[in-house]
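Participant: A single structure is presented below for examination.
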Amino acid sequence: MREYLKFYIDGQWVDAAQSQTFDVVNPATEQVAGRVALGSAADVDRAVAAARRAFPAWAASDRQERLDLLRRILDAYQRRIGDLGNALTEEMGAPRELANGFQVNLGIGHLTTTIDVLEKFVFEEQRGATRIVKDPIGVCGLITPWNWPISLIAVKVFPALATGCTMVLKPSEQSPFSGQVFAEILDEAGVPAGVFNLVQGDGPGVGRALSGHPDVDLISFTGSTRAGIDIAANAASGVKRVSQELGGKSPNIVLDDADFAANVGKGVGTMMLNSGQTCSAPSRMLVPSERMEEAIGVAREAAAQVTVGDPQGDSAIGPVVSGAQFEKVQALIQKGIDEGATLVAGGTGRPDGLGTGYFVKPTVFADVKNDMTIAREEIFGPVLTILGYDSVDHAVEIANDTEYGLAGFVAGADLDEARSVALRIRAGSVAINDAFDFSAPFGGYKKSGNGREWGEFGFDDFLEIKGVLGYS
Ligand code: NAD
């Protein structure tokens with residue numbers, strides 16, 4: 001049983017202003033796995049004040065000082081990989097291999113990318129008689145979700161540090177353990193007092209106190225579109241910058257000349273990863289209509305290979321994060337059946353032999369129409385929809401017929417065609433044939449958000465741009 005009763009503020013582990021706590025339930029066992037102090041507006045005030053005091057010195061720090069800190073963090077982070085992985089498994093049910101591997105390594109990827117970018121980043125340049133200067137924006141409120149908790153903290157904290165900002169982090173109340181270990185790592189690495197602060201708590205309490213705080217200059221938020229809208233509204237009166245990384249319903253277009261079986265199979269596996277709780281998950285697979293039967297055969301087999309079970313064991317996927325999420329996913333699966341989609345694999349109810357824990361059957365629907373609820377709503381569970389298209393133009397039309405625009409995927413052998421399709425998808429990042437790049441921008445069009453993270457693009461949100469005219 002974990003107990004985290006202190007917050008990290010001004011370089012110290014301090015008691016919360018009030019004595020309330022909240023429980024964290026392990027979604028695989030449905031048992032309480034730990035107790036965490038519940039923050040309040042008073043803790044946010046204290047953390048923001050510490051960040052404000054630390055800002056002038058950190059903003060004035062030079063590139064080398066920031067690089068040194070980031071490299072010390074890398075060392076400390078690497079020493080604590082096992083602790084981070086265990087925290088993730090307990091709080092949100094990621095299987096050990098995924099938690100200790102992919103989840104934790106994404107954080108390292110963001111850190112090493114931040115170091116590479118910082119080594120060369122141009123903070124000042126001369127254009128004629130004008131000096132263009134990029135200044136740190138100030139005190140940042142970082143609000144993160146539970147689904148890839150560590151990498152989504154990493155992708156904010158490291159660029160914020162690299163650009164000379166100070167910050168208050170509020171991890172999700174459903175995944176506070178990894179946030180706490182993360183703060184220990186920064187403390188071990190010797191982050192200067194007040195530069196990084198951690199307050200735990202929920203959205204209505206700590207999240208709203210941060211987004212409405214008069215002395216916070218930027219809110220960088222990752223989470224649901226619903227919360228993103230509330231945060232932007234709450235931040236508006238203070239004219240804060242708000243960067244939002246929100247939900248998605250990403251298309252995965254399998255072109256006719258793609259290695260069909262391989263790509264349909266991979267598409268199923270990628271959708272199921274992390275129990276489908278990935279903002280950029282390829283949740284709408286688009287295949288040529290005349291090959292729907294073929295796709296169904298491959299998808300059924302691929303789904304059958306996705307083992308579900310105890311995240312401490314070697315199953316491919318664990319549970320979804322909570323009872324509420326389990327109920328939501330069940331209702332959406334039922335909705336898919338009711339609306340007439342063809343159930344190819346999975347369905348409602350728990351997988352055989354798993355009576356306890358929020359486990360969901362890897363589920364695939366085919367013959368899905370894009371106006372069905374399961375094609376429109378972000379399910380955030382291991383549920384894939386397969387839709388048919390009649391031409392490449394039709395595929396692009398379906399791909400873009402969504403209120404979201406976070407990611408897209410295109411598979412095809414003719415690269416000219418794959419490229420042209422990728423360019424027509426209205427989303428912040430589109431991968432051709434499974435390409436992956438830590439330095440590519442990541443973020444949303446439409447209701448998937450605004451602002452960009454990853455690589456040098458992730459620096460921009462944390463910077464003010466100033467023109468100094470007559471600087472010659
Ligand atoms: P959520 O919006 O419920 O919570 C996210 C964070 O916001 C939590 O820390 C929560 O406490 C806080 N919060 C909630 N309401 C708030 C409010 N009114 N004011 C201030 N803070 C508030 O999201 P979640 O359920 O934790 O995460 C799942 C969502 O996140 C999905 O929609 C997913 O697509 C999205 N997501 C997006 C990305 C991306 O990069 N675009 C990445 C991962 C997850």
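Participant: Can you pull out every residue in region 204-224 that is farther than 20 Å from TRP454 by Cα and touching a residue at least 60 places away in the same chain (Cβ under 8 Å)?
Facilitator: GLY205, VAL206, GLY207, ALA209, LEU210, SER211, HIS213, ASP215, VAL216, ASP217
Participant: With the structure loaded, tell me whether ALA99 is out of contact with any strand residue (DSSP E or B) (no Cβ under 8 Å at 6 or more places or on another chain), buried (at least 18 other Cβ atoms within 10 Å of the Cβ), not charged (D, E, K, R) and not in a helix (DSSP H, G or I) or whether it fails that test.
Facilitator: Against the criterion (out of contact with any strand residue (DSSP E or B) (no Cβ under 8 Å at 6 or more places or on another chain), buried (at least 18 other Cβ atoms within 10 Å of the Cβ), not charged (D, E, K, R) and not in a helix (DSSP H, G or I)), ALA99 does not qualify.
Participant: Tell me, which residue of region 265-292 that is of a type in the set (Gly, Ala, Ser) and surrounded by fewer than 24 Cβ atoms within 10 Å (Cβ to Cβ) is farthest from PHE442 (Cα to Cα)?
Facilitator: SER289
Participant: Of the residues PHE409, PHE436, only one is at pLDDT 95 or above, in a loop (DSSP other than H, G, I, E, B) and within 16 Å of the ligand (Cβ to nearest atom); which?
Facilitator: PHE436
Participant: Suppose the filter is under 19 Å from the mean Cα position of the chain (by Cα) and basic (Lys, Arg); does LYS249 pass it?
Facilitator: yes
Participant: Within region 294-311, count every residue that is among the hydrophobic types (A, V, I, L, M, F, W, C), surrounded by 14 or more Cβ atoms within 10 Å (Cβ to Cβ) and either on the phi > 0 side of the Ramachandran plot or in a helix (DSSP H, G or I) (or both).
Facilitator: 6
Participant: Return the residues of region 104-141 that are of a type in the set (Ser, Thr, Tyr) and under 30 Å from ASN86 (Cβ atoms); say none if nothing qualifies.
Facilitator: THR112, THR113, THR114, listed by residue number.
Participant: If LEU142 satisfies all but one of (1) within 16 Å of the ligand (Cβ to nearest atom); (2) on the phi > 0 side of the Ramachandran plot, what's the number of the condition it fails?
Facilitator: (2)
Participant: What's the total number of residues in region 440-472 that are assigned to a loop (DSSP other than H, G, I, E, B) and either within 16 Å of the ligand (Cβ to nearest atom) or crowded, with 16+ Cβ neighbours inside 10 Å (or both)?
Facilitator: Matching residues across region 440-472 total 13.
Participant: I'm told LYS335 meets every condition in (1) outside any loop (DSSP other than H, G, I, E, B); (2) more than 22 Å from ALA395 (Cα to Cα); (3) in contact with a Lys or Arg (Cβ under 7 Å, 6 or more places away or on another chain) except one. Can you identify the failing condition by its number?
Facilitator: In the conditions (1) outside any loop (DSSP other than H, G, I, E, B); (2) more than 22 Å from ALA395 (Cα to Cα); (3) in contact with a Lys or Arg (Cβ under 7 Å, 6 or more places away or on another chain), LYS335 misses (3) alone.
Participant: Determine which member of the set ILE379, ILE374, ILE333 is more than 21 Å from PRO288 (Cβ to Cβ), buried (at least 23 other Cβ atoms within 10 Å of the Cβ) and within 16 Å of the ligand (Cβ to nearest atom).
Facilitator: ILE379
Participant: Further question on the same structure: Could you please give the count of residues in region 242-272 that are assigned to a helix (DSSP H, G or I) and of a type outside the set (Phe, Trp, Tyr)?
Facilitator: 12
Residues are listed down the side, and each one gets a yes or a no for (1) modelled with pLDDT under 95; (2) part of a helix (DSSP H, G or I); (3) over 21 Å from the mean Cα position of the chain (by Cα); (4) within 29 Å of THR278 (Cβ to Cβ):
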{"residue": "GLY39", "(1), (2), (3), (4)": "no, no, yes, yes"}
{"residue": "PHE55", "(1), (2), (3), (4)": "no, yes, yes, no"}
{"residue": "ASP68", "(1), (2), (3), (4)": "no, yes, yes, no"}
{"residue": "ARG71", "(1), (2), (3), (4)": "no, yes, yes, no"}
{"residue": "ALA76", "(1), (2), (3), (4)": "no, yes, yes, yes"}
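Participant: I'd like to verify a number: residues in region 228-249 that are near the ligand (Cβ under 10 Å from one of its atoms) and in contact (Cβ under 8 Å) with a residue 40 or more places away in the chain, how many?
Facilitator: The qualifying residues number 8.
Participant: For residues that are surrounded by 24 or more Cβ atoms within 10 Å (Cβ to Cβ) and within 6 Å of the ligand (Cβ to nearest atom), scanning just region 197-211, find the one that is farthest from LEU38 (Cα to Cα).
Facilitator: Only one residue tops the list, namely SER211.
Participant: Only one residue in VAL396, VAL421, VAL344 is farther than 30 Å from ASN26 by Cβ, away from the ligand (no atom under 16 Å from the Cβ), assigned to a strand (DSSP E or B) and β-branched (Val, Ile, Thr), so which one is that?
Facilitator: Just a single option satisfies the conditions, and that option is VAL344.
Participant: Take the residues in region 303-332 that are hydrophobic (A, V, I, L, M, F, W, C) and out of contact with any strand residue (DSSP E or B) (no Cβ under 8 Å at 6 or more places or on another chain); name whichever of them is farthest from ALA94 (Cα to Cα).
Facilitator: ALA331
Participant: Considering (1) more than 16 Å from the ligand (Cβ to nearest atom); (2) outside any loop (DSSP other than H, G, I, E, B); (3) crowded, with 23+ Cβ neighbours inside 10 Å, say which one GLY194 fails and leave the rest.
Facilitator: Result: GLY194 passes all but (2).
Participant: Here is a follow-up. Those residues that are of a type in the set (Asp, Glu) and under 16 Å from VAL344 (Cβ atoms), I need them from region 267-305; list them, please.
Facilitator: The answer is GLU293, GLU294, GLU301.
Participant: May I ask you to list the residues in region 448-470 that are out of contact with any strand residue (DSSP E or B) (no Cβ under 6 Å at 6 or more places or on another chain) and under 30 Å from ALA258 (Cβ atoms)?
Facilitator: Hits for region 448-470 are ARG452, GLY455, PHE457.
The values are calculated or read from the model by the stated rules, or taken from the named source; none is laboratory data. Keep in mind the model is a prediction, meaning the values are calculated, not measured. Glycine gets a Cβ as well: all are built from the backbone with ideal geometry, and neighbour counts include every protein chain shown.
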